[in-house]
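The values are calculated or read from the model by the stated rules, or taken from the named source; none is laboratory data. Just so you know, these numbers come straight off a predicted model, no measurement behind them. For neighbour counting, all protein chains shown are included, and Cβ atoms are generated from backbone atoms with ideal geometry for every residue, glycine included.
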Amino acid sequence: MNLTTDVSGLELSNPLMPGSGPLTGDDERMIYLASLGLGALVTKTIAPEAALVGRACIVGGRDIIMNSEAWSEYPASTWIHEYLPKTVASVDTPIFASIGYTKEDMETLIPALEPYAAAYEVIPRYVGKDLVSVGQIVAMARSLTQKPIYVKMNANLPDPVGFARVCQENGAQGVVAITSLGPNMVVDLKNRRPLIGTPDGFVWSSGPPIKPLALATVHMIKKALPDLSIIGCGGVASADDVLEFLLVGADAVQMLSTAMLRGKEMYRKIIADLPDALVRYGFSSIEEVKATSLGATRVNMEPSFPQIDHDVCNQCNICVKNCPYFAMSWVDGKVHVDESRCFGCGLCESRCPVHCIQGVLD
Ligand SMILES: Cc1cc2nc3c(=O)[nH]c(=O)nc-3n(C[C@H](O)[C@H](O)[C@H](O)COP(=O)(O)O)c2cc1C
């Protein structure tokens, strides 16, 4: 099965790469991640000076990570003289150098990173909503390298398409959508303070709960700017998730939180699962998914009612308990749908753990 993907002229062996973060925070971690078969590596964000990071700085829930990390805790000089030379000497995996944050930082960093970077991921974090400054940072980066430039987007920009357009107009090949969502808070009730966070008490959230926002952001940018390349990021946890991002318009996909919640081997597993997932959905390659247009939403003004397969139903009661229209009940030991109440919303079908409910969503 052909898993290769073209990302602005770089041929990656598969579409999965890590999101910038602690898993790629030095040469040892980068080399280990490369051994898992990733299509590309992305460094922890490099800035001229080391970040001062308050600890503790990461907490995890069942499927969410909240963090108050900043950029790399090592200065650019350590990356340039130690981590990147050692990584490049050990692995062939293309490296996206994640770099922040200002025009001046681009001038300092890009010439020194040129021997190691296959592409750049530019983080205009502190000016994310000021599109004039974003344009100037991207234009500066463009003037310093011929290599692909991707600009990483905040999760909650007021105008994601406008942001992406400014990046494209100033010479970026693409955007990475999205970074962690915030500011958020985690409260330590016992001690009456934020559990972790910035001095203001804020954290940024990532993992599966942000996937719907990431998909929508990728989709709206692709629709408006079809020639701009997009790397999808946010909440990926399976091979199916990778295909979803490609179908809505991404050329490749990044993942971080799932590897921090369920183990780094998840990278290897997802890559290994891709061929079966492609076959299951009728595709013969990654490029074929990318070339496929997302169909229109099916919107019916009349309800389709849930059909229950009573032989498969395990009587878990979830559908009866949760139905927001009070349409489901038990009649003679079986789930019964009262069609006079049922709105055909789809919640029961989406939540049935044994998939015995059909007919609303599919
Ligand atoms: C602990 C942690 C540290 C992160 N550090 C960076 C960083 O240095 N630079 C950056 O651009 N994004 C950083 N991110 C954001 C991730 O790269 C990614 O965009 C985000 O987590 C969403 O993807 P995910 O849901 O797969 O984790 C960090 C995320 C986490 C959880």
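Of note:
- Considering (1) surrounded by 17 or more Cβ atoms within 10 Å (Cβ to Cβ); (2) away from the ligand (no atom under 15 Å from the Cβ); (3) at pLDDT below 95, the lone condition that residue 1 does not fulfil carries the number (1).
- Selected residue (only one of 133, 180, 98, 143 is out of contact with any helix residue (DSSP H, G or I) (no Cβ under 7 Å at 6 or more places or on another chain) and farther than 23 Å from residue 252 by Cα): 143
- Residue in segment 289-300 that is of a type in the set (Ser, Thr, Tyr), without any contact (Cβ under 8 Å) to a residue 24 or more places away in the chain and touching a strand residue (DSSP E or B) at 6+ places or on another chain (Cβ under 8 Å) present: no
Yes or no, residue by residue, for (1) of a type outside the set (A, V, I, L, M, F, W, C); (2) under 16 Å from residue 232 (Cα atoms); (3) touching a Gly at 6+ places or on another chain (Cβ under 7 Å):
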site: 132; (1), (2), (3): no, no, no
site: 135; (1), (2), (3): yes, no, no
site: 147; (1), (2), (3): yes, no, no
site: 152; (1), (2), (3): yes, yes, no
site: 161; (1), (2), (3): no, yes, no
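- Test for residue 64: is it near the ligand (Cβ under 9 Å from one of its atoms), touching a helix residue (DSSP H, G or I) at 6+ places or on another chain (Cβ under 8 Å) and at pLDDT 95 or above: yes
- Only one of the numbered conditions (1) assigned to a loop (DSSP other than H, G, I, E, B); (2) at pLDDT 95 or above; (3) within 14 Å of the ligand (Cβ to nearest atom) is violated by residue 70, and that is (2).
- In segment 148-176, the qualifying residues are those that are touching a Leu at 6+ places or on another chain (Cβ under 9 Å), aliphatic (A, V, I, L, M) and outside any loop (DSSP other than H, G, I, E, B), and the one that is nearest to residue 42 (Cα to Cα) is 175.
- Considering residues of segment 26-63 that are surrounded by 15 or more Cβ atoms within 10 Å (Cβ to Cβ), in contact (Cβ under 8 Å) with a residue 60 or more places away in the chain and not in a loop (DSSP other than H, G, I, E, B) only, the residue nearest to the chain's Cα centre (by Cα): 42
- Residue check for residue 38: in contact with a helix residue (DSSP H, G or I) (Cβ under 7 Å, 6 or more places away or on another chain) and closer than 26 Å to residue 106 by Cβ: yes
- Residue within segment 107-124 that is over 21 Å from the mean Cα position of the chain (by Cα), in a helix (DSSP H, G or I) and farther than 26 Å from residue 83 by Cα present: no
- Residue ID - nearest to the ligand (Cβ to nearest atom), chosen from residues in segment 73-114 that are in contact with a Ser or Thr (Cβ under 6 Å, 6 or more places away or on another chain) and either closer than 17 Å to residue 34 by Cα or charged (D, E, K, R) (or both): 98
- Here 23, 16 are screened, and the one residue that is within 24 Å of residue 91 (Cβ to Cβ), more than 9 Å from the ligand (Cβ to nearest atom) and surrounded by 17 or more Cβ atoms within 10 Å (Cβ to Cβ) is 16.
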